Amino acid sequence: MKVKRNTLLLLACLVWSAAGFNILRIGLMAYPPYLTVVNYLLSVLVFVVFQRFIFGKLVKKHTARIISYLEERHFFLKFFDGKAFAIMAVMMTGGIGLRVSGLAPERFIAVFYTGLGAALLLAGLLFGRNFGKAVFAASPAKNNMEQKGE
């Protein structure tokens, strides 16, 4: 099942946005008993660390890789490489394991999942933005504007 190169960016957008939304939802559902300034700041810290050092870099790396493909059509799972799928599998297994085992207190789930989910959701939205940019860059309307000197 092959899709256009730019569609890989859309698939990454959908996968990461869905994962981010779900994790953010879990965190927010657990948050009401723990609404404190310290917890808010910890959630923001988790968000910043994951966005800056992991997901922001991941979005840039995979967008550049996808855009550099010479062929137009690719297998639909090529929106990530093996390493990214392994990271996703480890994160999912770890997250599910933490919740099911009861090792992580509910406060941790609230604070950590809210920050992590927000960072994942933003990564998905950034893939969506990159998809929009790629589609616009390839559009006839943009090419017409360039030809007219606009």
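The values are calculated or read from the model by the stated rules, or taken from the named source; none is laboratory data. Fair warning: this is a prediction, and the values are worked out from it, not measured in the lab. Cβ: placed from backbone, ideal geometry, glycine included. Neighbour counts: every protein chain shown.
Considering L45, L8, which residue is among the aliphatic types (A, V, I, L, M) and either without any contact (Cβ under 8 Å) to a residue 24 or more places away in the chain or surrounded by 15 or more Cβ atoms within 10 Å (Cβ to Cβ) (or both)?
Every option except L8 fails the conditions.
Among (1) closer than 18 Å to S17 by Cα; (2) at pLDDT below 90, which single condition is A141 missing?
(1)
Residue-by-condition table, conditions (1) under 18 Å from F21 (Cβ atoms); (2) touching a helix residue (DSSP H, G or I) at 6+ places or on another chain (Cβ under 6 Å); (3) crowded, with 19+ Cβ neighbours inside 10 Å:
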residue: Q51; (1), (2), (3): yes, yes, yes
residue: Y69; (1), (2), (3): no, yes, no
residue: V90; (1), (2), (3): no, no, no
residue: E106; (1), (2), (3): no, yes, no
residue: Y113; (1), (2), (3): yes, yes, yes
residue: G117; (1), (2), (3): yes, yes, yes
residue: L120; (1), (2), (3): yes, yes, yes
residue: F127; (1), (2), (3): yes, yes, yes
residue: K133; (1), (2), (3): no, no, no
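For segment 34-42, indicate whether the set of residues that are surrounded by 12 or more Cβ atoms within 10 Å (Cβ to Cβ), under 21 Å from W16 (Cα atoms) and of a type in the set (A, V, I, L, M, F, W, C) is non-empty.
Within segment 34-42 (the criterion being surrounded by 12 or more Cβ atoms within 10 Å (Cβ to Cβ), under 21 Å from W16 (Cα atoms) and of a type in the set (A, V, I, L, M, F, W, C)), the answer is no, since none of the residues qualifies.
Quickly run through segment 29-41 and pick out the residues that are out of contact with any Phe, Trp or Tyr (no Cβ under 8 Å at 6 or more places or on another chain) and either in contact (Cβ under 8 Å) with a residue 40 or more places away in the chain or not hydroxyl-bearing (S, T, Y) (or both).
Narrowing segment 29-41 to residues out of contact with any Phe, Trp or Tyr (no Cβ under 8 Å at 6 or more places or on another chain): 29, 31-38, 40-41.
Correct list: M29, Y31, P32, P33, Y34, L35, V37, V38, L41.
For every residue, the table says whether it meets (1) in contact with a Pro (Cβ under 6 Å, 6 or more places away or on another chain); (2) assigned to a helix (DSSP H, G or I); (3) over 22 Å from A134 (Cβ atoms).
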| position | (1), (2), (3) |
| --- | --- |
| V48 | no, yes, yes |
| Q51 | no, yes, no |
| K61 | no, yes, no |
| I66 | no, yes, no |
| E71 | no, no, no |
| H74 | no, no, no |
| M91 | no, yes, yes |
| V111 | no, yes, yes |
| A118 | no, yes, yes |
